[in-house]
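Participant: Here it is, the structure in full.
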Amino acid sequence: MVVSQLAYKLLASSNSKLLPSCSNLDRIHSMWNSIWNLEVPHKVKHMIWRASHNALPTLCNLRRQKVVGSVLCASCNSECEDVVHALWGCASLILVWERNEAVTKLLRYKFLTFTDLWEMLLVMRDRLDINLMAMIFWLIWSRRNTARVGEGTIEVNQIQKKAESFLQDFKKFHSSKVHRPLIPARVVRWIPPIFPLYKVNFDGATFSTIGAAGLGAILRDHSGNVIGTMTERIQLPSSLAVVEAMACRRALLFAKELSIFEVSVEGDAEVIIMAILAGDTANLEYGHVISDILSVAKDFRSCIFSHVNRIGNTVAHCLAKKSVSGNELQVWIESSPDDIAPLVTRDSLYPA
Ligand SMILES: [Zn+2]
């Protein structure tokens, strides 16, 4: 089980007296865009924004303010009620999440903050309706508040239906308005990681005529500076999916070799990324490699996996192809091979 552990938890702490740094401001900006571009009622956006700032009056937060004595969740009576628990992790909510396969898979993860969870949902937004998710979170929170004052609530298994119907009504009223989202639904170029994360892009290539395959990886910081690049030629495995999984594992090990322990791992192999996110090690061909990846990921302080369009993964792709010639293993520290450097520069020219 991978624990999503984004390092900048200051942001989620309402007790923090520190001013946000530039990196935190980047993250706040990104959260702000993702929430204010939602097509949901304003009160829902507001509630999600407060959840992302750990500013909802959960029992954990109320006890910090010495308003209540017990932090035990009234629904499950087994865990502390913080924001992630109240809106997502409580066992009493399983009936809400099990209706959506992509969402159910996320239940295997432990999210420390609502922001961690929200960012994961954004990564998966082509597989789920982020507006519906926001509406469901709002209904869960409203239901919890109604129950606390002793009023009747809707059944848990009615939440999804109700959220869908609220969303439909909202869209009907707002269908005439045209919204141009500030954030594209799918990222189609390389985007630098948010400090203090480093991003490692990986890709695999096959050379069936010579019975070989290539693994390529590039590690960059939040300014697009190259920490290291590598390419390795290996014996041709049984399928391209296996090569992609091996490239992912190699990229993680490469980051470890360079003593980088806060990484965002990105590749264009959707099936592999999905298997990692779901912790699914059952595949007969590459399941064991996924299992290795999950195990290596535990050595990192932060390790997030995401899928990127091929264009956003061009450098890693060219590195994998490059392995066809030269030594079996080629590594460049704080640089990239001359023929690939222009592509790295092109990536870094785009604003974050
Ligand atoms: Zn609970």
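The values are calculated or read from the model by the stated rules, or taken from the named source; none is laboratory data. The model shown is predicted, which means the values in this text are computed figures rather than measured ones. Here Cβ is always computed from backbone atoms with ideal geometry, including for glycine, and neighbour counts include all displayed protein chains.
Participant: Among the residues of the stretch 296-333, which ones are part of a loop (DSSP other than H, G, I, E, B) and over 17 Å from Val263 (Cβ atoms)?
Facilitator: Of everything in the stretch 296-333, those that are part of a loop (DSSP other than H, G, I, E, B) and over 17 Å from Val263 (Cβ atoms) turn out to be Asn309, Ser323, Val324, Ser325, Gly326, Asn327, Glu328.
Participant: Here's something else I'd like to know. Just wondering, is there one or more residues in the stretch 242-264 that are more than 16 Å from the chain's Cα centre (by Cα), surrounded by fewer than 17 Cβ atoms within 10 Å (Cβ to Cβ) and modelled with pLDDT under 90?
Facilitator: No: the stretch 242-264 contains no residue that is more than 16 Å from the chain's Cα centre (by Cα), surrounded by fewer than 17 Cβ atoms within 10 Å (Cβ to Cβ) and modelled with pLDDT under 90.
Participant: Just to verify a result, which residue in the stretch 56-81, among those that are over 19 Å from Gly150 (Cβ atoms) and of a type in the set (S, T, N, Q), is surrounded by the most Cβ atoms within 10 Å (Cβ to Cβ)?
Facilitator: Per the criteria, the residue is Asn61.
Participant: Test of understanding: among Val103, Val67, Val3, which residue is in contact with a strand residue (DSSP E or B) (Cβ under 8 Å, 6 or more places away or on another chain), modelled with pLDDT under 90 and not aromatic (Phe, Trp, Tyr)?
Facilitator: The conditions single out Val3.
Participant: Turning to a different aspect of this structure: Do we have any residue at all in the stretch 231-241 that's surrounded by 24 or more Cβ atoms within 10 Å (Cβ to Cβ), within 22 Å of Leu329 (Cβ to Cβ) and in contact (Cβ under 8 Å) with a residue 60 or more places away in the chain?
Facilitator: Yes: one or more hits.
Participant: Further question: Show the residue pairs meeting these rules: Cβ distance below 6 Å; 6+ apart or different chains; first residue within the stretch 302-329 and polar (S, T, N, Q); second residue assigned to a helix (DSSP H, G or I).
Facilitator: Ser306/Val123; Thr314/Leu343
Participant: For the stretch 42-75, how many residues meet the condition of being part of a loop (DSSP other than H, G, I, E, B), away from the ligand (no atom under 16 Å from the Cβ) and in contact with a helix residue (DSSP H, G or I) (Cβ under 6 Å, 6 or more places away or on another chain)?
Facilitator: Counting residues in the stretch 42-75 that are part of a loop (DSSP other than H, G, I, E, B), away from the ligand (no atom under 16 Å from the Cβ) and in contact with a helix residue (DSSP H, G or I) (Cβ under 6 Å, 6 or more places away or on another chain) gives 1.
Participant: I'm checking my understanding of the structure. Among residues of the stretch 76-88 that are of a type outside the set (Asp, Glu) and part of a loop (DSSP other than H, G, I, E, B), which one is nearest to the ligand (Cβ to nearest atom)?
Facilitator: Cys76
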